[in-house]
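Below is one structure, written out as structure tokens; comments come after it.
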Amino acid sequence: MPEIRKDFLTGQLVAISEERGERPIFYTRGETDTSREQCPFCPENRHMTPDDIYVSDNKRVRVFPNKYPALTDTPRAYGFHEVIIDTPVHSEKLKDFNAGDITTIFLAIQSRLDHHYKNPKIKYIQIIKNEGQNAGASIYHSHWQLFAMDFIPGMQETIRKNLYAYSQKANSCFLCDLINGKNTSKICEDEYFLAYSPYASTCPHMVNITSKSHIGSFRELDAAALTALSHIIKKVLSALDTIVCGLSYNICFQDMPYNEGHFFVQLIPRIGNLAGFELSTGCFINYVLPEKSSGMLKDIIAKANGKDYN
Ligand SMILES: [Zn+2]
Ligand SMILES: [Zn+2]
């Protein structure tokens with residue numbers, strides 16, 4: 001039976017309905033692949049984009065200001081909007097990168113976070129990746145985006161308030177309790193991170209990957225933790241791709257404002273589009289029970305065990 005759930009961290013309401021999963025779905029798997037000649041993110045077309053402001057030692061990752069920024073160095077929408085190209089290869093996708101290549105991206109992101117947080121006006125920085133047309137990507141070539149802003153967005157304020165309220169009531173940390181508890185929908189874990197299906201996942205097969213320790217910002221992760229995060233993201237992306245081949249998805253970093261709590265990453269598969277109900281109410285319909293999704297992903301990862309994820 002359908003069930004309305006409320007996500008503890010975001011306060012978002014979700015209708016969990018397995019029945020909805022029965023209806024025929026025509027997944028949009030097609031991608032609009034621009035040719036290399038037209039691609040502004042291919043190395044030979046650097047003249048199409050602003051100059052690089054960061055290049056990794058191995059030249060694989062580069063960062064430049066977004067040519068069409070959502071935030072700019074002006075009072076009405078103050079901030080910085082940057083593009084992070086994570087591969088020089090036009091058709092290479094994140095799930096196929098080795099873990100070392102993913103760590104190179106993370107080091108680039110940490111460098112940019114360090115740079116922007118030196119600016120006292122910057123209050124929050126959002127890191128995202130849109131992969132695939134259904135996830136809002138407008139350019140086929142793999143990339144990430146950085147948004148540095150002079151305010152703390154509503155979602156992050158809500159997460160902070162809910163974590164604080166829980167700690168006052170339970171005299172413990174919600175995320176520590178979730179990590180150490182027995183009833184979470186755990187998918188996989190290591191010394192540094194836990195991947196799990198959130199209780200009120202807003203869409204099928206959503207995964208959160210949370211730091212096990214009280215590290216509130218991605219900036220604070222050390223080399224060993226970055227390597228661990230690269231491996232776990234690769235594992236989960238590979239498992240998601242087994243469920244839906246060529247999946248569109250968003251990756252959203254959740255830094256904790258004021259560095260309280262645990263940094264986490266959201267992997268949000270984009271199966272189907274948001275429709276009128278979601279847009280009018282802010283209440284999502286999810287036709288896959290999160291605890292079933294975690295079971296599926298866990299099984300896929302267990303079967304792949306022994307396979308080298310690099
Ligand atoms: Zn390209
Ligand atoms: Zn905690």
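The values are calculated or read from the model by the stated rules, or taken from the named source; none is laboratory data. Computed from a predicted structure; not experimentally measured. Cβ sites come from the backbone with ideal geometry, for glycine too, and all protein chains shown count toward neighbours.
Brief remarks follow.
- The set of residues from the range 41-90 being basic (Lys, Arg) and closer than 16 Å to residue 115 by Cα comprises just one member, 62.
- Filtered residue count, the range 87-103, keeping only those that are in contact with a Leu (Cβ under 7 Å, 6 or more places away or on another chain) and of a type in the set (D, E, K, R): 1
- From 179, 139, residue being of a type outside the set (D, E, K, R) and away from ligand 1 (no atom under 16 Å from the Cβ): 179
- Count of residues meeting criterion [touching a helix residue (DSSP H, G or I) at 6+ places or on another chain (Cβ under 6 Å), more than 30 Å from residue 149 (Cβ to Cβ) and of a type outside the set (A, V, I, L, M)] in the range 239-258: 2
- Restricting 19, 31, 37 to residues that are within 16 Å of ligand 1 (Cβ to nearest atom), modelled with pLDDT under 95 and farther than 24 Å from residue 135 by Cβ narrows the list to 37.
- Residue within the range 190-207 that is touching a strand residue (DSSP E or B) at 6+ places or on another chain (Cβ under 9 Å) and farther than 30 Å from residue 305 by Cα present: no
- Positions within the range 81-96 being touching a strand residue (DSSP E or B) at 6+ places or on another chain (Cβ under 9 Å) and either assigned to a helix (DSSP H, G or I) or modelled with pLDDT under 95 (or both), in sequence order: 81, 93, 94, 95
- Cβ-Cβ under 8 Å pairs, at least 6 apart or on other chains, the range 270-286 side in contact (Cβ under 8 Å) with a residue 40 or more places away in the chain, far side of a type in the set (Phe, Trp, Tyr): 270/249; 271/27; 272/27; 283/277; 285/277
- Given (1) in a loop (DSSP other than H, G, I, E, B); (2) within 16 Å of ligand 1 (Cβ to nearest atom); (3) of a type in the set (A, V, I, L, M, F, W, C), index of the condition residue 70 fails: (2)
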